[in-house]
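Enquirer: Quick one: the structure is below, and I'll ask about it shortly.
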Amino acid sequence: MDVLTGNAGVFASGFFVTFQIVLLAAVGALVLGTLVAAMRISPLPPLRWLGTAYVTVVRNTPLTIVFFMTAFGLPEIGVDAGFLRIPLLDSLFTRLGTDVPYFRFAIVALTVYTAAFVCEALRAGVNAVQPGQSEAGRSLGLTFTQNLRLIVLPQAGRATVVPLGSVIIAMIKNSALAGAFGVAGDLFQTSDELTSAQGLPAIPVFIGVAAGYLILTVPLGLLLDRIERSQAVTR
Amino acid sequence: MAERAGEPPAAGAGAAAGAGAAADTEPAGAPLVVLRGVNKHFGDLHVLRDINLEIARGEVVVVIGPSGSGKSTLCRAINRLEPIEDGEITVDGEPLPEEGRALARLRADVGMVFQSFNLFAHKTILQNVTLGPVKVRKVPAAEARSEAMDLLERVGIASQAGKLPAQLSGGQQQRAAIARALAMRPKVMLFDEPTSALDPEMVQEVLDVMISLARDGMTMVVVTHEMGFARRAANRVVFMADGQIVEQAAPESFFTAPSSDRAKDFLSKILTH
C-alpha cells in the first residue's frame, strides 16, 4: 500500500499521459474508421477496393508491428508526424508539439490500427439496417453521403454502440505498448520506472498500473451499457 | 374483387384536392417515361427481356403478372434501384445517369412507394415527409412542415404526424410513405406492390389515396395484384410473364377479353376465387 500512496503522483502523471493518448487516438480512430467504412460501402468500386485493402492489411498485422513501423519506419522516411501539431490542440495536449515525436507516433499507430476495427464495427451496424431504408433515401434523391449521414448511420449507431465500445476498450489496453516504443511517462512505462529504476516491488506497482487502466475502461463500459439501455427504449 | 366495375372513372377529378394540376393540361406531347430494349439478368435468370414501354404524362399504367415475372424489377429499374445491363430508360427526355449527383437529382423527380413502406424508422412521420424537401430541394423548414401537414391531411393521417413509424398501422404507414413521395412534387410515381404487405382491412384506405392521386392526373406506374384498382384507375394494363411484356390493353378489354394464353391462364387463376 505504501508503494501506491507514496508514489501517487507518479501514477497520476502516468495516468494523465495515457489518458491523453487514448483520447486523441479514439477520436482519430473514429474519424478514420468512419471514412474507411464509407469507402467500403461506397458505390464506387475503386474506393471499395481501397477500403477493403486497408482493413485486410491493418487488421491482420500485429499491433507491435504497426508500432515498429511508425516508431522506426516513419523516421527512416523523414516523417515526424508533424501534422499532429495542431494549433490550440497542442496547447491543450502539450506533448503533441514537442520535438520528440514518439507521443505523436503512438497516436498515429493506435489510430491507424484501431480504425480498421472501428470500420468493421460500423459496417456491421450498417449491414444491420434494413436495405429498404437506404433505398427509400436514394429514391428521395439523397446523395450517397446524405443517405449515410441522415438515414443509415443514425440507425447503424444503435447496433454499433456495443461492438464499438469493445473496440475502444481494447484500444485503451493496447495503448500500453506506447511506453515500449519511446513514449516516456505513460501509465505502463511508469511501472518500469518504479520497479527497475527505483527498485520497488513489482506486484504492488502493477496493481497500481492495472487500477489506472481500470479507471479508464470500467466507467466506459458502464456508460456503454447505459447508452444501450436508453436506445433500446426508443427503438 | 373484380365485380366493382360500373363506377364512372375519372369523373370527379376536380373534387379531390389538387396537387398535380399541371399534369393533365398538356395531353399528348412526348412520353414521360420511355424504356427501350431494356434487358437485365440476375445470374442466369433473364428477368427483363427486351422491354419496350412508353408512359405518357398523366397516364396510369398498372403492371400485373405472376410472381417472378419481372414486374417489380421493371418498376425499380425506372429510378435505377435496379441497374440495367442493356437498353435505355429516359425520364422526361433525360436518360438515367449512371451514379452520383445527377442520378440523385433525377430520382428526386421520381416518387417511389415500396411494398414494405420503408419509412425512416428513427424519424417521426412529419420528419419522414419533410426530409426530402428540406435536404434535397432546399425548401425552408417551416414551409416544408406546412406542406407536409397538408399532405398528411390529404392522406388522412395528420393526427399521427408526431409519431414514429412503428407506432402506426400498416395502412397508415403506407399512406405516410405516399405523402413522403408526394412531398418531392414528383413527375411520376412508382408503386411497387403497395398493398401486398397490408392486412386485408387496410388495403382499401391505401387504394383510395392512390385512386384520388390518379384522378388528379398524376403519372403512375403501379405494380399490383389489385384488379379492382386496375379497373377503376388505370388507363392501361401491362401484363408481364417471364420477363417479357406479353400483352397490354385498356383495363376493360384486358379483363374481359385477354388475347394471350398466358394472360387468360393468369386471370382464370386469380379471378375465380
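Enquirer: Looking only at residues that are β-branched (Val, Ile, Thr) and surrounded by 22 or more Cβ atoms within 10 Å (Cβ to Cβ) in the stretch B:92-124, which one is nearest to the other protein chains (Cβ to nearest Cβ)?
Expert: That would be B:110.
Enquirer: Between a first residue in the stretch A:134-155 that is without any contact (Cβ under 8 Å) to a residue 24 or more places away in the chain and a second residue that is β-branched (Val, Ile, Thr) and not in a helix (DSSP H, G or I), which pairs have beta carbons less than 7 Å apart while being 6 or more apart in sequence or on different chains?
Expert: Within 7 Å, the pairs are A:140/B:136; A:141/B:136; A:142/B:136.
Enquirer: Something else: Can you tell me which residue within the stretch A:68-100, out of those that are over 19 Å from residue A:27 (Cβ atoms) and under 19 Å from the mean Cα position of the chain (by Cα), is modelled with the lowest pLDDT?
Expert: A:71
Enquirer: Also: When you check residue B:80 against the structure, is it among the charged types (D, E, K, R), within 22 Å of residue A:42 (Cα to Cα), crowded, with 16+ Cβ neighbours inside 10 Å and within 11 Å of another protein chain (Cβ to nearest Cβ), yes or no?
Expert: In short, yes.
Enquirer: Still on this model: Can you name the residue in the stretch A:136-149 that is within 7 Å of chain B (Cβ to nearest Cβ), buried (at least 20 other Cβ atoms within 10 Å of the Cβ) and of a type outside the set (Lys, Arg) and, of all such residues, is nearest to residue B:123 (Cα to Cα)?
Expert: A:136
Enquirer: Now, a different point. Could you grab me the full set of residues in the stretch A:82-118 that are of a type in the set (D, E, K, R) and surrounded by 13 or more Cβ atoms within 10 Å (Cβ to Cβ)?
Expert: Matches in the stretch A:82-118: A:85, A:90, A:95, A:104.
Enquirer: Here's a follow-up. Quick test of your reading of the structure: residue A:98 fulfils all but one of (1) closer than 30 Å to residue A:152 by Cα; (2) free of Cβ contacts under 8 Å to residues at least 60 places away in the same chain. Name the failing condition by number.
Expert: It fails just one condition, (1).
Enquirer: While we're here: For the stretch B:176-223, how many residues are more than 12 Å from every other protein chain (Cβ to nearest Cβ), among the small types (Gly, Ala, Ser) and either assigned to a loop (DSSP other than H, G, I, E, B) or under 22 Å from residue B:143 (Cα atoms) (or both)?
Expert: Result for the stretch B:176-223: 3.
Enquirer: Those residues that are modelled with pLDDT of 90 or more and open to solvent by 20 Å² or more (accessible area, probe 1.4 Å), I need them from the stretch B:261-273; list them, please.
Expert: Matches in the stretch B:261-273: B:261, B:262, B:264, B:265, B:266.
Enquirer: Right, next: In the stretch A:150-160, is there at least one residue being among the polar types (S, T, N, Q) and within 14 Å of another protein chain (Cβ to nearest Cβ)?
Expert: yes
Enquirer: A further question on this structure: Please give the helices (runs of 4 or more DSSP H) falling wholly within the stretch A:108-200 in which 1 or more residues are at pLDDT below 85.
Expert: A:153-174, A:187-192
Enquirer: Going by the structure shown, is residue B:247 within 26 Å of residue B:50 (Cβ to Cβ), surrounded by fewer than 23 Cβ atoms within 10 Å (Cβ to Cβ), touching a residue at least 40 places away in the same chain (Cβ under 8 Å) and among the acidic types (Asp, Glu)?
Expert: Answer is no for this residue.
Enquirer: Within the stretch B:180-238, how many residues are acidic (Asp, Glu), under 23 Å from residue B:91 (Cβ atoms) and buried (at least 22 other Cβ atoms within 10 Å of the Cβ)?
Expert: 1
Enquirer: Scan the stretch B:138-151 and give yes if some residue there is free of Cβ contacts under 8 Å to residues at least 12 places away in the same chain, assigned to a loop (DSSP other than H, G, I, E, B), out of contact with any strand residue (DSSP E or B) (no Cβ under 7 Å at 6 or more places or on another chain) and open to solvent by less than 50 Å² (accessible area, probe 1.4 Å), otherwise no.
Expert: Yes, there is a match, as at least one residue in the stretch B:138-151 is free of Cβ contacts under 8 Å to residues at least 12 places away in the same chain, assigned to a loop (DSSP other than H, G, I, E, B), out of contact with any strand residue (DSSP E or B) (no Cβ under 7 Å at 6 or more places or on another chain) and open to solvent by less than 50 Å² (accessible area, probe 1.4 Å).
Enquirer: Filter the stretch B:125-137 for residues that are open to solvent by 10 Å² or more (accessible area, probe 1.4 Å) and either more than 9 Å from every other protein chain (Cβ to nearest Cβ) or at positive phi (or both) and give the result.
Expert: Those that are open to solvent by 10 Å² or more (accessible area, probe 1.4 Å) and either more than 9 Å from every other protein chain (Cβ to nearest Cβ) or at positive phi (or both): B:126, B:127, B:130, B:134.
Enquirer: Give the residues of the stretch A:55-81 that are among the small types (Gly, Ala, Ser) and surrounded by 12 or more Cβ atoms within 10 Å (Cβ to Cβ), sorted by residue number.
Expert: A:71, A:73, A:81
The values are calculated or read from the model by the stated rules, or taken from the named source; none is laboratory data. Just so it is clear, the model here is predicted, and its values are computed rather than measured. Cβ: placed from backbone, ideal geometry, glycine included. Neighbour counts: every protein chain shown. Just the protein is used for accessible areas: all its heavy atoms, side chains included, with ligands, DNA and RNA removed. Shrake-Rupley method; radii C 1.70, N 1.55, O 1.52, S 1.80 Å.
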